[in-house]
Amino acid sequence: MSDRSPLRALGRARPTPGFGDAARVVPSSGVTTLLTGLTAAAMAFLAVFALALSLSSGQLAQRWSATLSQSATLRISAPPSEIAAQTAAVLEILRTTPGVASTRVLDQDEQRALLEPWFGPDLPIESLALPRLIEITEQPEGFDPVGLRLRLASEAPGAVLDDHTRWRRPLVQAAASLRALAWFSVALIGVMMAAMITLAAGFSLAANAQVIRVLRLVGARDGFIAQAFTRRFAVHAFLGAAGGTALGLLAFAILPVAGDSGFLTGLGFSGTGWLTPLALPPLAAVIAWAATRAAAMRVLKKES
């Protein structure tokens, strides 16, 4: 009997600690198990970034909504001779409006800072008939914008209230869409992982076809044979995903995302969000187990 006979291959199979008897009967396939580990590592690394994008999008939507929902802007357009009187009238209206916490009139330097990104720092703002801007900070319960607009229309016709509703809704919707796209990316990564592990399992089953025939000759059932493959691939997927997850978290730990002016500000994990990627290795193991078992049972059923 040659060294390549299935009986000798079966005899040379090394037991894997903790795997039980099923894992001992199939010789280790270095290429396919290595492919499984590398696939799981790469997919877990990408999944870490997709999770970070999803969590960041959710936090961004909440921050935008909270910031814009607690503030409003009032614009007063009037001739220069009337601007002071209308400003005083508007401030008195706001002072007696329930739900308004505080008001602040923007000075020329603040208006110049608002216009500078569009017109440059040398804009002669003193010679321009710019409207007077009043920043309104709301109380938690907010104010009635409809009632406030009616009072302004009767007592200060040049005042226009902007409660940021038209700005808040599209921004929050954009953040929600980005979050949904990130979760779709995570699901797509899982599907691709399952597909590649299925291919690797198919190659492993083909490489051990003679061993499978011998196992059937000695009375092994398909469930026992499939278990030998599923455990091995699940463990390699778990180890590979653990390595990919660790690399992904390390990448986020060293990315320059800190600060208020960086492009990547807000992207990443914070607080308990750092624990979310820890679910990736067990999830990869479950995906590998399910994909390998499906492939194994399909191949065994064809050869039965």
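The values are calculated or read from the model by the stated rules, or taken from the named source; none is laboratory data. Bear in mind that the values here come from a model prediction, so they are computed numbers and not experimental data. Neighbour counts are summed over all protein chains in view; Cβ atoms, including those assigned to glycine, are modelled from backbone coordinates with ideal geometry.
Below is a table of values for the structure above.
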item: Filtered residue count, the range 124-174, keeping only those that are surrounded by 14 or more Cβ atoms within 10 Å (Cβ to Cβ) and outside any helix (DSSP H, G or I); result: 18
item: Residue in the range 143-159 that is of a type in the set (Phe, Trp, Tyr), modelled with pLDDT of 80 or more, out of contact with any Asp or Glu (no Cβ under 7 Å at 6 or more places or on another chain) and over 20 Å from Leu60 (Cα atoms) present; result: yes
item: Unique match (being assigned to a loop (DSSP other than H, G, I, E, B), on the phi < 0 side of the Ramachandran plot and touching a residue at least 40 places away in the same chain (Cβ under 8 Å)) among Pro98, Pro121; result: Pro98
item: Single match in Ala153, Ala200 (criterion: assigned by TED's automatic domain parsing to the domain that holds Ile83 and at negative phi); result: Ala153
item: Residue satisfying condition, being modelled with pLDDT of 85 or more, on the phi < 0 side of the Ramachandran plot, surrounded by fewer than 19 Cβ atoms within 10 Å (Cβ to Cβ) and outside the structural domain of Ala285 (by TED's automatic domain parsing), within set Glu110, Glu82, Glu92; result: Glu92
item: Candidate set from the range 116-140 (those that are at pLDDT 80 or above and of a type in the set (D, E, K, R)); member that is farthest from Gln62 (Cα to Cα); result: Arg132
item: Cβ-Cβ under 6 Å pairs, at least 6 apart or on other chains, the range 152-173 side within 19 Å of Ile136 (Cβ to Cβ) and touching a residue at least 12 places away in the same chain (Cβ under 8 Å), far side assigned to a loop (DSSP other than H, G, I, E, B) and polar (S, T, N, Q); result: Gly158/Ser77
item: Scope the range 218-234; condition assigned to a helix (DSSP H, G or I) and not basic (Lys, Arg); matching residues; result: Asp222, Gly223, Phe224, Ile225, Ala226, Gln227, Ala228, Phe229, Thr230, Phe233, Ala234
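The rows are residues; the columns are (1) loosely packed, with under 15 Cβ neighbours inside 10 Å; (2) over 30 Å from Arg213 (Cα atoms); (3) among the acidic types (Asp, Glu); (4) at pLDDT 80 or above.
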residue: Arg8; (1), (2), (3), (4): yes, no, no, no
residue: Gly37; (1), (2), (3), (4): no, no, no, yes
residue: Met43; (1), (2), (3), (4): no, yes, no, yes
residue: Trp64; (1), (2), (3), (4): no, yes, no, no
